[in-house]
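Engineer: Let me begin by handing over the structure; questions about it come next.
Just so it is clear, none of the values below were taken in a lab; they were calculated from the coordinates. Note that the coordinates shown come from a computational prediction; the quantities given were computed from them, not determined experimentally. For neighbour counting, all protein chains shown are included, and Cβ atoms are generated from backbone atoms with ideal geometry for every residue, glycine included.
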Amino acid sequence: MREKSEELNRRGFMKKGAKATAAAAVAATGLSTNAAHGVVPEDKKITLTDAMPTRVLGKTNLELPILGYGGAALPKKWGNTLSTEDRVKLVRHAYDSGIRYFDTAISYTYADSQAIIGKALKEIRDDVFITTKVDFWDVSKADGRITKVDTKVVARQIEKNLAELQSDYIDAILIHGTPGVEQMTVEQCMEVQGELAKARDKGQVRFVGFSAHHYFDKALALISTGEFDLCMLAYGYLPRGNSRLFSPRTTELRNACLAKAHELEMGIVAMKVLGAGMLGGFGRKDLEKLPGAACRYLLQDQRVHILNIGMRFPAEIDGNIKTLAGDTTYTNEDRALLAGVSSAVLGDEKVKKMSVE
C-alpha cells in the first residue's frame, strides 16, 4: 500500500509540475489558463439537469446522467440518413436535452463521428464528458492477431483524436475492444495502457479504460490489474456482443467483470443495451415500449453508471430521456415484453446463423 501511495504522490507531483509549466507558458502569451488553451480544468464539474437520474462514474468521482450518447449512431455508412449539419444539431440536441456523456472512437473517424461531436460540443467542452478510443489491428494477418504492438501509434492516434474533437484534452480514452483488445493479448493491452498512462501524466487525457464486446476472459484480466479507471462492457437483456451471441460461459465471465470492476470502484458503462438494434421488428405492436423496458432492466444493476446508446434522430433522444425521466422500476410488463421479443429475435433464422462464443 505504501508503494502505491508513493507512486500516486509521484504522479500527482508530475501532473502539477506539467500543469504549472503549461500555465506559465500560457501566461507568457497572455492567454487564459483554461482547457481551450491546453490546461485540463481542475476539479471539473459538469452542470446537471433534472431530466433523468444520475450516478457517479466510479473513481472519476463525476456525477453524470445515466444516459450517454453513442457516437457510432452518427456515421452515414452505419445508417444515419441526416446531413452533416443536422447530425451536428443532433449532438447538440442531446446536450440541450440533458445528456453529458458522449462516446466516439478513432475508427468512427472515417465516418466523421469525432468531427461532428467536436463541432457540436466545442463551445461547451468543459460541461461534457467525452470518451474516445485508440484502435489496434493488423490487416496483413488472416486471423487479425497482432504480433507486436507499435506503441508510437498511440501518440499519433491521441493527437488525431484531439484535433478532430477540437479539444486539448480527452476526458477518457479507451483501448477499443474491437479492433483492439480482441486482437491483442493481455500483455499487449498493458503495453498500450502504459502509453495511455503517459498521456494522462502529460494532461492530454484524464482517465484510461477499455471496452469489450465478448472476450471477457481478457477483460477480466485487465480489470484485475487495477490500472484502469473505467470500462465499457456489452451488457443488455439480449446476450450479444459486436457480431455474435454469448454462450453461458461468456455471460458468466461478463458478470465476473462487472463484479470485479465494481469491487475496484471503476466506472462501468454498458453498451449494446438494445442489442445493437436487435430489439426491434418481428411484427410486435408494442415495440415503442422496448427501449424503456431494456433500460429499466439494466437500471436494476446499481453497479452500472452509464447506458451508452446510439441515437440517430432527435425523436430517439427525446423518447429515451422521457422514459428515464419517469418511474424506472422494472415491471412485470417489462419482463413479459422483453422475454417475448427476445424469444422472437433468437428464433429468427438470420440470428440463428450468428456465431456463439
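Engineer: If r is the Cβ-Cβ distance from Ser355 to Glu288 and R0 is 35 Å, what FRET efficiency results, to the nearest 0.05? If you can, show how the numbers build up before the last one.
Structural biologist: On the way: r = 31 Å, r/R0 = 0.88.
In this case the efficiency is close to 0.70.
Engineer: Now for a separate question. Say R0 is 22 Å: what FRET efficiency, to the nearest 0.05, do Asn255 and Ala344 get from their beta-carbon distance?
Structural biologist: 0.30
Engineer: If I stretch the segment between Tyr330 and Thr49 completely, what's the gain in nm (0.36 nm per residue apart, minus their alpha carbon distance), one decimal?
Structural biologist: Working: separation 281, 0.36 × 281 = 101.16 nm, distance 2.32 nm.
Once the chain is fully extended between Tyr330 and Thr49, it gains 98.8 nm.
Engineer: Between their Cα atoms, which of Lys44/Lys133; Lys119/Lys202; Lys202/Lys322 are more than 32 Å away from each other?
Structural biologist: Values: Lys44/Lys133 21 Å; Lys119/Lys202 24 Å; Lys202/Lys322 40 Å.
Those over the limit are Lys202/Lys322.
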